[in-house]
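The values are calculated or read from the model by the stated rules, or taken from the named source; none is laboratory data. Computed from a prediction, not measured in an experiment: that's the story for all the values here. Quick reminder, even Gly has a Cβ in these numbers, built from the backbone with ideal geometry, and neighbours come from all protein chains shown. Heads up: the accessible areas ignore ligands, DNA and RNA and are worked out on the full protein's heavy atoms, side chains in. Shrake-Rupley method; radii C 1.70, N 1.55, O 1.52, S 1.80 Å.
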Amino acid sequence: MQRIQHDETDQSDELNESSPFAPQTPQEVDTMLSAIGADSVEELFDVPEAVTFDGDFDIEAKSEFEVRRDIENLLGQNADGTEFLGRGHYDHYVPSVVDYLSLRSEFLTSYTQYQPETTQGFLQALFEFQSMIVELTGLPVANCSMYDVATALGEAALLSARVRETSGSRILVPETIRSERHSVLENYADGAELTTETYPLDEGNTDLDALSDLIDEDVVMVYAESPTTRGAIEERLPEVASLADDHDAAFCLGSDPVALALLKEPATVGADIVIGDASVLGLSASHGMGLGLFAVKQAYLRQVPGRLVGASETANGRRAYTLTLQTREQHIRKERATSNICTNQAWVALRTAIHIATLGASGLADLAEDCVTTASEAAARLDDVNGVSAPVDDRHHFREFVARTERPAADVVSELADRGFLVHEAGDFEIQVCVTETNNDEVDDLVAAVREVLE
Amino acid sequence: MNYRQATWERETDSGEPVNEPLLSEKRTGTVSHDDVDLPDELVREELTLPEPAEPEVASHYTRLSQMNYSVEHGPYPLGSCTMKYNPKFTEDVAGLDDGAIHPDRPDEYAQGTLAVLHGLQEYLAEIGGMETVTLQPPAGAAGEFTGLLVARAYHRSNDEDEKRREVIVPASAHGTNFASAAMAGYDVVELPSNDDGRVPLEALEEAVGDSTAALMLTNPNTLGLFERNIADIADVVHDAGGLLYYDGANLNALLGRARPGDMGFDIMHYNVHKTFASPHGGGGPGAGPIGVVEELTEFLPDPHVREAEDGSFEFYEPEESIGKVHGFHGNWLVLLKTYAYISRLGDGGLKDTSAMAVLNANYLASQVDLDIPYGPFHHEFVASAGDVDAAEFAKGMLDEGVHPPTTKWPEIVDEALMTEPTEALSKEQLDVLAAAFTETDRKTSEELSEAPTTTAAARIDQASAARNPQLSWRDVEGHDE
Ligand SMILES: Cc1ncc(COP(=O)(O)O)c(C=O)c1O
């Protein structure tokens with residue numbers, strides 16, 4: 001391997017031969033080799049001939065400018081369109097201060113706080129994140145992230161099975177759950193020999209009769225969502241909680257930090273576990289990348305998956321933070337760990353915390369109230385269009401709602417897309433519309449387009 | 001090196017000594033929802049949260065950031081973690097507005113994003129020598145779990161799932177290997193290393209059989225050693241009807257020189273936040289794509305990206321898909337940075353990356369006086385702190401202005417200091433790091449027990465943190481109200 005002297009060659013050769021992120025000069029390479037006692041870098045590789053790769057990947061090196069230009073061009077092929085999309089992934093405005101602070105390299109380029117004395121900053125930020133989730137859920141224990149809400153749901157199921165005194169094998173989830181989320185849950189459940197079944201909803205509320213017919217002593221967890229995938233605020237959570245409790249099943253509630261700022265505290269309605277996508281604050285639309293929120297009641301503390309930051313003190317009596325209860329984790333407990341998670345979504349949690357801090361209690365409360373108002377206003381306006389009735393579910397809504405259309409929803413969705421508006425197809429004759437502050441000023445245009453398509 | 005980490009030691013209003021008060025100790029607000037159009041029983045009574053003004057937010061987090069050691073401060077040689085420089089331009093690429101789309105867009109409205117995903121699938125397949133790559137798993141451990149689900153689906157399709165209940169994992173493997181196998185419903189069989197630190201072929205022959213679902217291996221292994229017998233290992237596992245899984249944590253050693261697919265691995269994960277420089281973010285996010293051989297392609301997670309006949313890209317569900325391992329499409333922003341990094345380096349840059357990573361590790365080892373019992377190693381080595389507790393040794397190194405290595409793992413080396421400098425450290429930085437080892441080695445046990453003295457916090461009482469967990473500001477003793 002011939003390294004290129006950075007200042008002697010033209011750029012194209014340099015691009016083809018060496019990494020711009022490896023600083024060694026040819027002279028240094030020589031010095032280092034003689035210190036090692038080797039003649040060449042090749043000699044350092046103890047790879048048998050038979051498995052040596054001597055081909056090419058055919059990946060052409062590019063300059064930074066070229067990479068940025070090419071990716072900009074590629075992503076530019078994402079067609080223009082105003083998204084009224086939600087169903088578990090939301091686009092709220094993220095203030096500039098979140099980017100500027102979270103992108104500080106001290107945060108961005110550090111890793112897990114194995115040495116707490118030199119990583120107090122990130123530890124405190126994660127501790128504050130956990131604390132914010134505690135305030136929002138009313139539950140005393142929140143970890144500092146799972147990958148996303150779907151994997152958090154999987155972990156919740158495994159936790160529910162572990163904490164039960166008697167064994168059980170069934171998990172009940174609402175029929176409106178996103179099929180993708182359900183699929184992740186099934187994959188987590190399968191290894192623990194748990195199975196999942198859905199229970200019906202009635203106008204956005206749990207069908208309690210159906211649920212009580214389904215539930216028995218074999219159920220380890222009942223999952224409910226509020227808001228539901230269809231945007232409805234569920235009104236029967238306390239009843240679901242007590243049904244679960246009667247059968248010694250854990251009650252897991254799915255929500256998100258904006259909704260939690262407004263809705264009844266999960267602890268008050270009887271939730272044992274709360275999961276959700278916390279990145280609704282902190283990340284704008286990001287193709288589904290998320291941040292799994294995970295909070296539990298005190299009794300489950302030692303069974304929690306993932307990292308926990310705790311407060312402690314230093315040898316000289318100063319408050320300090322550290323990762324704690326690590327004997328739950330894979331690097332110590334191996335196959336008996338509470339989860340396999342190692343790398344998590346810590347930096348997204350930092351962003352979420354900065355976003356919440358920037359909003360403050362009042363800003364967050366206002367944002368949550370707006371999610372109710374904008375959804376109900378948009379639903380009312382669509383309801384005025386001939387051939388549309390909205391909302392379908394006779395409930396209060398949060399950010400989004402389902403509308404019934406006289407024409408097949410697939411046609412409506414595609415004709416709206418042709419006009420530059422992206423909405424969900426939620427059923428054969430149902431579309432779903434999500435409104436936040438980022439698209440609210442285009443609701444007029446959306447309503448006009450729906451009118452064109454339907455009237 | 002005379003190093004001092006920033007700190008703003010002070011007391012809170014109630015006299016508690018802290019570095020930086022909690023946000024909740026500065027100003028909080030309590031709100032209730034009086035005019036929202038919802039029935040009372042659905043609405044929370046009140047909510048209390050910090051209420052700082054933006055300048056206060058900025059100051060708080062800037063101070064916190066300065067109490068946090070990072071790759072850009074200096075050496076961060078955490079073994080197995082590949083803490084390399086994270087090129088800045090990838091952040092700008094990740095910040096492009098055109099990439100900020102909803103995951104439920106129809107394919108024809110997401111052609112740009114699909115093109116990037118498809119391009120990355122192809123890059124990674126080529127680099128790993130695998131047939132097909134899925135990008136859905138959100139970290140390395142999630143990749144392991146996904147890979148084992150694929151293995152299970154494969155055995156199920158052969159009606160062998162009932163009997164193939166075991167996954168074999170070398171004792172020196174990362175904790176996630178064991179935990180992922182257990183989560184996928186397998187019994188874990190631990191394989192001890194032989195005297196030269198590698199997989200013992202005879203013991204492996206004894207361990208495999210009808211009940212073997214897979215063997216999980218890292219190569220180079222966690223001692224940095226190449227498993228020279230890899231072709232034989234692959235034969236043993238395959239002859240027994242098992243699959244061979246590659247833990248890609250150490251791929252930074254081999255870019256362009258050896259490919260897991262060519263070594264006989266059937267499934268592998270890539271730790272893109274290690275090998276391909278997406279930042280570690282204080283613990284994540286990462287991404288853990290997996291690659292598989294042709295026979296396993298139809299089991300990959302749903303959806304997968306392919307190129308249609310007209311040259312456009314589309315999501316589709318592989319015929320015997322295991323279903324999903326992430327609610328949407330994985331950690332998109334991380335994947336985008338990975339694509340940018342690989343595009344920047346190209347063949348030559350990738351190859352040079354491994355060359356310089358291996359050179360750096362070998363040079364550093366030549367300058368470190370501690371015992372390094374196993375070799376020849378590649379991109380990392382495991383030194384022994386000898387009579388000194390490795391965790392204590394690490395605290396001593398903190399005072400030299402560097403981040404210490406990974407400690408006490410793999411256990412096969414006493415008081416292990418697993419050290420991975422990566423290609424990104426200059427010779428000068430390697431010399432600084434070597435000096436930090438030497439200086440620390442000179443410290444008396446008493447000096448070590450008092451270390452660190454230069455960091456924002458002195459030694460932290462871990463035991464009492466676990467005994468008396470304070471997990472939110474509500475629990476904190478002396479917390480200002
Ligand atoms: C050898 C090895 N395998 C697997 C993993 C797990 O990867 P991740 O942290 O991305 O989940 C790690 C990470 O630290 C590792 O070092």
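Regarding region A:385-455, what are the three Cα extents along the principal axes, ordered largest first, in Å?
25, 25, 18
Please state the charge dipole magnitude for region A:96-353, taken about the Cα centre, from unit charges on C-beta atoms (+1 on K and R, -1 on D and E), reported in debye and rounded to the nearest 20. Could you put the intermediate results ahead of the total?
Numbers: 19 positive and 36 negative charges, 312 e Å.
That gives region A:96-353 a dipole magnitude of about 1500 debye.
Per-residue Cβ counts within 10 Å, from other chains only, averaged over A:77-86: what number is that? Intermediate values should be presented prior to the final figure.
Details: counts 11, 15, 8, 2, 6, 0, 6, 1, 5, 2.
What the average comes to for A:77-86 is 6.
For region B:89-344, report the accessible area per residue in Å² (1.4 Å probe, heavy atoms, rounded to an integer). Please list the in-between numbers first.
Working: 6800 Å² over 256 residues.
Each residue of region B:89-344 exposes 27 Å² on average to a 1.4 Å probe.
What ranking, highest mean first, results for peptides A:401-413, B:318-330, B:266-278 when packing means the other Cβ atoms within 10 Å averaged over each residue? Intermediate values should be presented prior to the final figure.
Numbers: A:401-413: 19.2, B:318-330: 23.0, B:266-278: 28.5.
So the peptides A:401-413, B:318-330, B:266-278, ranked by packing, come out B:266-278, B:318-330, A:401-413.
Residues of region A:250-268 losing 20 Å² or more of accessible area relative to the isolated chain, 1.4 Å probe, heavy atoms only?
Buried on complex formation: A:Ala261, A:Leu262, A:Leu263, A:Lys264, A:Glu265.
So what is the relative contact order for chain A, in percent, with contacts set as C-alpha pairs under 8 Å and at least six apart? Kindly include the intermediate steps, with their values, before the conclusion.
Numbers: 813 pairs, mean separation 82.2, N = 455.
Relative CO of chain A lands at 18 percent.
How large is ³J(HN,Hα), in whole Hz, for each residue of region B:92-107 in order, when computed from phi with the Karplus curve 6.51 cos²θ - 1.76 cosθ + 1.60 and θ = phi - 60°, using x for Gly and Pro?
5, 5, 5, x, 5, 4, 5, x, 8, 10, 7, x, 8, 4, x, 3
Can you list residues whose amide H is under 5 Å from B:Val189's amide H, if they're 5+ apart or on another chain and H is modeled 1.01 Å from N?
B:Val167, B:Ile168, B:Val169
Expressed in whole Å with the largest first, what are the equivalent ellipsoid semi-axes of region A:333-455 derived from the C-alpha gyration tensor as the square root of 5 times each eigenvalue?
Working: eigenvalues 247, 80, 37 Å².
Calculated on Cα positions only, the semi-axes equal 35, 20, 14 Å.
Under a no-solvent Debye model with one identical scatterer per Cα of region B:90-237, what's log10 I(q)/I(0) at q = 0.13, 0.15, 0.18, 0.20 Å⁻¹?
-0.73, -0.89, -1.12, -1.28
Compute, for region A:407-455, the length of the dipole vector about the Cα centre, with Cβ point charges of +1 (Lys, Arg) and -1 (Asp, Glu) only. Units Debye, rounded to 20.
Value, rounded to 20: 80 debye.
Please report, in whole Å, how far the alpha carbons of region B:89-344 spread along each principal axis, starting with the longest.
55, 38, 30
Once you order the gyration tensor axes a ≥ b ≥ c over the Cα atoms, which shape class does region A:133-248 get: rounded for a/c under 1.5, otherwise prolate or oblate by comparing a/b with b/c?
On the way: a/c = 1.26, a/b = 1.06, b/c = 1.18.
Rounded.
Pull out a ≥ b ≥ c, the square roots of the eigenvalues of the alpha-carbon gyration tensor of chain B, then state rounded if a/c is under 1.5, prolate if not and a/b is larger than b/c, and oblate in the remaining case. Please report the intermediate quantities before stating the final value.
On the way: a/c = 1.68, a/b = 1.15, b/c = 1.46.
It comes out oblate by the Cα gyration axes.
Where does the Debye-calculated log10 I(q)/I(0) of region B:54-99 sit at q = 0.16, 0.22, 0.30 Å⁻¹, using only Cα point scatterers of equal weight, no solvent?
-0.73, -0.93, -0.96
Need one number: convex hull volume per residue for region A:11-71, Cα atoms only, in Å³.
With only Cα atoms used, region A:11-71 gives 125 Å³ per residue.
So what are the ³J(HN,Hα) numbers for region B:239-249, from phi and the Karplus equation (6.51, -1.76, 1.60; θ = phi - 60°), rounded to whole Hz, Gly and Pro as x?
4, 7, x, x, 10, 10, 10, 10, 7, x, 4
Can you tell me, using C-alpha contacts under 8 Å and at least 6 residues apart, the relative contact order of chain B as a whole percent? Working shown, then result.
Working: 924 pairs, mean separation 97.7, N = 481.
Averaging sequence separation for qualifying contacts and normalising by length gives 20 percent for chain B.
Check which residues have an amide H placed less than 5 Å from B:Leu243's amide H, if you skip close sequence neighbours.
So B:Leu243 has HN proximity to B:Ala214, B:Leu215.
Putting +1 on Lys and Arg Cβ atoms and -1 on Asp and Glu Cβ atoms, find which of B:His238, B:Gly248, B:Val476 reaches farthest to the positive end of the dipole of chain B.
Value: B:Gly248.
Can you pull the percent of chain B's accessible area that's carbon plus sulfur, 1.4 Å probe, other chains left in place? Numbers along the way, then the final one.
On the way: 6150 of 15430 Å².
Exposed carbon and sulfur together represent 40 percent of the surface.
Expressed as a whole number of Å, what is the distance separating the alpha-carbon centroids of region B:83-160 and region B:191-247?
27
Would you work out the charge dipole size for chain A about its Cα centre, treating the Cβ of every Lys and Arg as +1 and the Cβ of every Asp and Glu as -1, and quote it to the nearest 20 debye? It would help to have the intermediate numbers written out before the result.
Working: 31 positive and 83 negative charges, 436 e Å.
Roughly 2100 debye for chain A.
Less than 12 Å apart at the alpha-carbon level, and either on another chain or at least 8 residues along: which aspartates and glutamates does that give for B:Lys163?
B:Asp187, B:Asp210
How far, in degrees from 0 to 90, does helix A:26-36 lean away from the longest principal axis of the Cα atoms of chain A, to the nearest 10?
80
What is the average number of partner chain Cβ atoms found within 10 Å of a Cβ in B:445-456? Present the calculation step by step, with values, prior to reporting the outcome.
Details: counts 0, 0, 0, 0, 1, 1, 1, 3, 3, 2, 7, 10.
Mean shielding count: 2.
Quick check: from the Cα gyration tensor, does region A:65-203 come out rounded (a/c under 1.5), prolate or oblate?
Working: a/c = 2.10, a/b = 1.28, b/c = 1.64.
The shape class here is oblate.
Could you work out the mean count of beta carbons from other protein chains within 10 Å of each residue's beta carbon in A:126-136?
Details: counts 2, 7, 9, 1, 3, 12, 6, 1, 5, 9, 3.
That works out to 5 on average.
Amide H to amide H, which residues 5 or more places from A:Ser312 or on other chains are under 5 Å from it, using H placed in the peptide plane?
Long-range HN contacts for A:Ser312: A:Ala320, A:Tyr321, A:Thr322.
Threshold 50 Å², probe 1.4 Å: give the residues of region A:281-299, in number order, that are less accessible with all protein chains present than with their chain alone.
Buried on complex formation: A:His287, A:Met289.
Would you please report the Å³ per residue occupied by the convex hull of the alpha carbon atoms in chain A? Could the numbers behind the result be given before it?
Values: hull volume 96.0 nm³, N = 455.
Per residue, the Cα convex hull of chain A comes to 211 Å³.
Over region B:265-345, how many percent of alpha carbon pairs lie in each 5 Å bin up to the one with the longest distance?
3, 13, 19, 22, 22, 15, 5, 1, 0
Using a probe of 1.4 angstrom, how much of the accessible area of region A:11-71 is carbon and sulfur, in percent? Display every interim value, and only then the final one.
Working: 1380 of 3310 Å².
Result for region A:11-71: 42 percent of the exposed heavy-atom area is carbon or sulfur.
Take the residue pairs B:Lys324/B:Lys351; A:Lys297/A:Lys334; B:Lys274/B:Lys395; A:Lys297/B:Lys84; B:Lys84/B:Lys408 and return only those whose Cα atoms are more than 27 Å apart. Don't jump to the answer; show the numbers that get you there.
Working: B:Lys324/B:Lys351 33 Å; A:Lys297/A:Lys334 25 Å; B:Lys274/B:Lys395 24 Å; A:Lys297/B:Lys84 39 Å; B:Lys84/B:Lys408 22 Å.
Correct reply: B:Lys324/B:Lys351; A:Lys297/B:Lys84.
Tell me the relative contact order for region A:369-418 as a rounded percent, counting alpha carbon contacts under 8 Å between residues six or more apart.
Values: 53 pairs, mean separation 16.0, N = 50.
With pairs under 8 Å counted, the relative contact order is 32 percent.
Order B:25-37, A:120-132, A:290-302 from most to least packed using the mean count of other Cβ atoms within 10 Å.
On the way: B:25-37: 15.0, A:120-132: 28.0, A:290-302: 23.5.
In decreasing order of mean packing, B:25-37, A:120-132, A:290-302 become A:120-132, A:290-302, B:25-37.
How big is the protein assembly as shown in terms of Cα radius of gyration and Dmax, in angstroms?
Looking at the protein assembly as shown, its Cα Rg and Dmax stand at 27.0, 85 Å.
How far is helix A:149-163 tilted off the main Cα axis of chain A, in degrees rounded to 10, range 0 to 90?
80
Cα axis of helix A:64-75 to longest principal axis of chain A: angle in degrees, 0 to 90, nearest 10?
20
What accessible area, summed over both chains, is buried at the B-A interface (1.4 Å probe, Å², nearest 100)?
Working: alone 23200 and 23380 Å², together 30780 Å².
Chains B and A together bury roughly 15800 Å² of accessible area.
Rounded to whole Å, give me the distance from the Cα center of region A:98-164 to that of region B:298-317.
Cα centroid to Cα centroid, the span is 34 Å.
Kindly write out, for region B:429-445 in residue order, the coupling ³J(HN,Hα) from the Karplus curve 6.51 cos²θ - 1.76 cosθ + 1.60 (θ = phi - 60°), rounded to whole Hz, with x marking Gly and Pro.
My calculation for region B:429-445 gives 5, 5, 5, 4, 5, 4, 4, 5, 4, 4, 4, 5, 4, 7, 6, 6, 5 Hz in order.
Starting from the Cα gyration tensor of region A:96-353, multiply each eigenvalue by 5, take the square root, and state the resulting semi-axes largest first in whole Å.
Working: eigenvalues 196, 82, 51 Å².
Taking √(5λ) for each eigenvalue gives 31, 20, 16 Å, largest first.
When you count, for each residue, the other Cβ atoms within 10 Å and take the mean per peptide, how do A:264-276, B:140-152 rank with the highest first?
On the way: A:264-276: 24.2, B:140-152: 29.2.
So the order, starting with the most tightly packed, is B:140-152, A:264-276.
Towards the positive end of the charge dipole of chain B, with charges on Cβ (+1 Lys, Arg; -1 Asp, Glu), say which of B:Thr62, B:Ala435, B:Val116 has the farthest Cα.
With unit charges placed on the Cβ atoms, the residue in question is B:Ala435.
From the residues A:Val392, A:Val97, A:Ala79, which one has its Cα farthest along the dipole of the protein assembly as shown in the positive direction, the dipole being from +1 and -1 charges on Cβ of Lys/Arg and Asp/Glu about the Cα centre?
Most positive-ward Cα: A:Val97.
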